[in-house]
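Okay, so here's the structure we're looking at.
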Number of protein chains: 2
Amino acid sequence: MCLTGQIQRERERERERMEKENSNASAEVMRNKQVIYREKVQGSLKETHLEVRTSSERPNADKDSGAIMVKNLYLACDPYNLHLIKFSTQLGSTVSGYGVARVLESGHPNFKKGDLVLGLTRWEEYSLITAPETCFKIEHTDVPLSYYTGLLGMPGLTAYAGFFEVCSPKKGDTVFISAASGAVGQLVGQFAKLFGCYVVGSAGSKEKVDLLKNKFGFDDAFNYKEELDLDAALKRCLPEGIDIYFENVGGKMLDAVLLNMKPHGRITVCGMISQYNLEQHEGVHNLMHLIWKQVRMEGFAMFDYYHLYPKFLETVLPQIKEGKIAYMEDIAEGLENGPAALVGVFSGRSIGKQVVVVSRE
Amino acid sequence: MCLTGQIQRERERERERMEKENSNASAEVMRNKQVIYREKVQGSLKETHLEVRTSSERPNADKDSGAIMVKNLYLACDPYNLHLIKFSTQLGSTVSGYGVARVLESGHPNFKKGDLVLGLTRWEEYSLITAPETCFKIEHTDVPLSYYTGLLGMPGLTAYAGFFEVCSPKKGDTVFISAASGAVGQLVGQFAKLFGCYVVGSAGSKEKVDLLKNKFGFDDAFNYKEELDLDAALKRCLPEGIDIYFENVGGKMLDAVLLNMKPHGRITVCGMISQYNLEQHEGVHNLMHLIWKQVRMEGFAMFDYYHLYPKFLETVLPQIKEGKIAYMEDIAEGLENGPAALVGVFSGRSIGKQVVVVSRE
């Protein structure tokens, strides 16, 4: 769907929402569909680890409680969800992650009923957000709201901060991005191209490689599943070596990249998705190249760059409107389809940013 | 021997040298004892890979050739020698490495007969240095000349630049140093203490651990060979975690350190001596912690910091004279003992900086 059509559609929905709210607001109060973390994850995340159920309770945000109660609209499927599942969530609790939501009740002075927010919420219809200070208020609604789960959300800020603040890019640098068709990778590649770098990506299917070359404007790309020798693939695509590696996968790919780094190269470690589902992480053998080529390898977290969010929007919103940035979403309709969508992010099934629509209001 | 006594002794030798040179200079012209790289190194370096022989040829530095001919005095035994042996040297050629030497003939305008230099030379009595621009002229001779192979040479500059330029230290940081009794490690620890950090080191014998605690002023130290669980040892010595890891060994130690890094910690990769003798480097499994704790890991080479050498001397010479820096050498007398001394650096036999004396003039 074209951008204008999509926005038009959202405006219509907004009108319908307000009409509906006025007419029969109380009818749906007492149910809350949720995705629950049911079983301890060992190895890969499977759909059976999760369960969709309906609670008969809906949270409230009391006056002056400092909390807000929201209706969730769009949920992001990020590797970060798995991190939260593995490290923070108790069995039986609701899956958490970033999402776009509408404030229904506010006990916090900075938010009022009707505000749209982007922040850490839960995989359910209605959520209580107890620390809304960590949410961004969505001011620009002339782009599709779902974009705030990806391009204009945490993956976007991650790509922006990771590339411009951690990679120390210079015009003409050679940039390699793994998992390049993912939510962050596709943006890093486009930022790097707009900045004047030579950009190569790897992905896990012919379809994704075609997207990288033909939709996202990468200079070259390869399907790592079809390469017998990752080192040789990198030497073919980047014969002079790599100045910047934007690391999303870890393991064997990192080992091959280390062999191909240029002196004073930078490896920005954003993720190691190939390792998340392993009980014992693969060994990386070529770290000696960090010394031999004076390479800097740096892990970063988007949280440290929250303060850049306004600057990021200021840069990226015009680029979206001018058509300089391409973006792809993979939409799952309804919380029922949430578990499958999330599992698909790790199996490599999703193409582009995987979003779960809870409600189009 | 005390510092003053050692300097006194060197001055006497200098006088003897000049007398000897005037009386019978030509007698020893036509021999040149050398340490040769005889056999390809696979696995560990052994004495049998090297051979001491005497050539009947001595090099000359012709006028305006741009080269200098030197008499080697003190040779450094560094891990870097093995790097040169493995990667640069042809079988049958002379081992190369850093050393202190006296200029006997100069074809370069910046050097004259009698100058003392510190630079990349060969393991032989007389060497031709074809790019003397890379040598430092030794101006301060009120410290033992052998110090220029270690404390005042490349290991010193490595420790200084590695700590102050790469580690981004802050007062109060917790610092862990592996191979801490080695030439670089003992200095990093002392620089860190003088700077106001809490410093812990690991080494491979009780004797070395005692030195770290009692001579080099480390806050704590442990013998990694006696620890069944390196992670537990680190947690015992640094219960709040590690801000800075000065990495000299690699492998299992790096894996244990990664588990104990504090958020925004820095790992400065100076060496990975546990890996140098392995055909296949050990896998490092815990790199995910780079992301989880936003850790920066950076390889560096002292070459990039040559320009800091004068500033380094300016800082360290007074500290030596004021007794603020302790330093230990392990002296091997004569080129004949060079191969055993070099092998000792990798087997952990040497304590302090291993030096080979070619000539005290």
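Please treat every number below as a calculation from the coordinates, not as lab data. If you're wondering where the values come from, they're calculated on a predicted model, not measured in any experiment. Quick reminder, even Gly has a Cβ in these numbers, built from the backbone with ideal geometry, and neighbours come from all protein chains shown.
Could I have the simple spin-label model distance between A:Q8 and B:R31, label points 7 Å from Cα toward Cβ, reported in nm to one decimal? The two pseudo-label positions are separated by 9.8 nm.
Summary for B:R360: label point 7 Å along Cα→Cβ; distances to the equivalent points in the other copies, ascending, 9.1 nm.
The 3J(HN,Hα) values that the Karplus relation (6.51, -1.76, 1.60; θ = phi - 60°) gives for region A:214-227 are, in residue order, 9, 9, 9, x, 5, 6, 7, 7, 9, 8, 5, 6, 9, 9 Hz. Gly and Pro appear as x.
Working from Cα pairs under 8 Å separated by at least six residues, relative contact order for region A:154-303 is 22 percent. A dipole drawn for the protein assembly as shown from +1 and -1 charges on Cβ atoms has a positive end, and of B:G283, B:G185, B:Y306 the residue lying farthest that way is B:Y306.
Within the shell of other residues whose beta carbon sits under 12 angstrom from the beta carbon of B:A301, the net charge comes to -2, with Lys and Arg scored +1 and Asp and Glu -1. If I take R0 = 51 Å and measure r between the Cβ atoms of A:E16 and A:L278 in this structure, what FRET efficiency does the formula 1/(1 + (r/R0)^6) give, to the nearest 0.05? Computed FRET efficiency for A:E16 and A:L278 comes out at 0.65. Looking at the square roots a ≥ b ≥ c of the eigenvalues of the Cα gyration tensor of the protein assembly as shown, which shape do they give, rounded for a/c under 1.5, prolate if a/b is larger than b/c, or oblate? It comes out prolate by the Cα gyration axes.
Calculated FRET efficiency, B:E226 to B:Q42, Cβ-Cβ distance, R0 = 25 Å: about 0.25 to the nearest 0.05. Simple rule: put +1 on each Lys or Arg Cβ and -1 on each Asp or Glu Cβ in region A:248-361, find the dipole, and look at A:H264, A:V343, A:L317; the Cα lying farthest toward the positive end is A:H264.
What does the charge add up to near A:D330, with Lys and Arg as +1, Asp and Glu as -1, over the other residues with Cβ less than 14 Å from its Cβ? After counting each charged neighbour, the total is 0. If a spin label sat at a point 7 angstrom from the Cα of B:A340 along the line to its beta carbon, the backbone N atoms of region B:106-145 nearer than 20 Å would be those of B:123-125.
The residue of chain A whose Cβ sits closest to the rotation axis that maps A onto B, together with that distance in whole Å, is A:G283, 1.
Assign one of three labels to region B:247-359, namely rounded, prolate or oblate, based on the Cα gyration tensor with a ≥ b ≥ c the square roots of its eigenvalues; rounded applies when a/c is under 1.5, prolate when it is not and a/b is larger than b/c, and oblate otherwise. Oblate shape, in that a/c is at least 1.5 and b/c is the bigger or equal ratio. The residue list A:F195, B:G217, A:G97 was ranked by how far each Cα lies along the charge dipole of the protein assembly as shown toward its positive end, using unit charges on Cβ atoms, and A:F195 comes out on top. Sorted shortest first, the separations between the A:E39 label point and its copies elsewhere in the assembly read 5.9 nm; each point sits 7 Å from Cα along the Cα-to-Cβ line. Helix B:338-347 sits at what angle to the longest principal axis of chain B, using alpha carbons and giving 0 to 90 degrees rounded to 10? Helix B:338-347 sits at roughly 0 degrees to that axis. Could you name the lysines in cross-link range of B:K324, using Cα to Cα under 16 Å and dropping any fewer than eight places away on the same chain? In chain and number order, the partners are B:K193, B:K213, B:K215. In a fully extended conformation the segment linking A:N110 and A:S347 would gain 81.4 nm over its present Cα-Cα distance, using 0.36 nm per residue.
Here the Gaussian network model covers chain B, with springs between Cα atoms less than 10 Å apart; of B:T315, B:T149, B:T94, B:T315 fluctuates the most.
Shape class for region A:21-163, computed from the alpha carbon gyration tensor (a ≥ b ≥ c): oblate, with a/c not under 1.5 and a/b at or below b/c. Less than 5 angstrom separates the built amide H of B:A221 from those of B:G201, all sequence-distant by 5 or more or on a different chain. A Cβ-based charge dipole, computed about the Cα centre of the protein assembly as shown with Lys and Arg at +1 and Asp and Glu at -1, lands at about 280 debye. Across q = 0.09, 0.13 Å⁻¹, chain B modelled as identical point scatterers on its alpha-carbon atoms has Debye log10 I(q)/I(0) values of -0.51, -1.03, in the order of the q list.
Summary value for chain A: 17 percent relative contact order, contacts being C-alpha pairs under 8 angstrom separated by 6+ residues. Taken about its Cα centre, chain A carries a charge dipole of about 220 debye when Lys and Arg each add +1 at the Cβ and Asp and Glu each add -1 at the Cβ.
Estimated from helices alone, the mean residue ellipticity of the protein assembly as shown at 222 nm is -9000 deg cm²/dmol (sum of -39500 (n - 2.57) over DSSP H runs with n ≥ 4, per residue).
Taking Cβ atoms as reference points and 12 Å as the exclusive limit, the residues near B:G204 contribute a net charge of +1, counting Lys and Arg as +1 and Asp and Glu as -1. With springs only between Cα atoms under 10 Å, which of B:A192, B:A131, B:A221 fluctuates most in a Gaussian network model of chain B? It is B:A131. Amide H to amide H, with H built 1.01 Å from N, A:Q354 comes under 5 Å of A:C77, A:D330, counting only residues 5 or more places away or on other chains. Per the Debye formula on identical point scatterers at the alpha carbon atoms of region B:216-281, with no solvent, log10 I(q)/I(0) at q = 0.14, 0.16, 0.19 Å⁻¹ is -0.43, -0.56, -0.79. Backbone amide hydrogens, once placed in the peptide plane, bring A:R349 within less than 5 Å of nothing, excluding anything fewer than 5 places away on its chain. Basic side chains Lys and Arg get +1 at the Cβ, acidic Asp and Glu get -1 at the Cβ, and with that the dipole of region A:154-303 about its Cα centre reaches some 360 debye.
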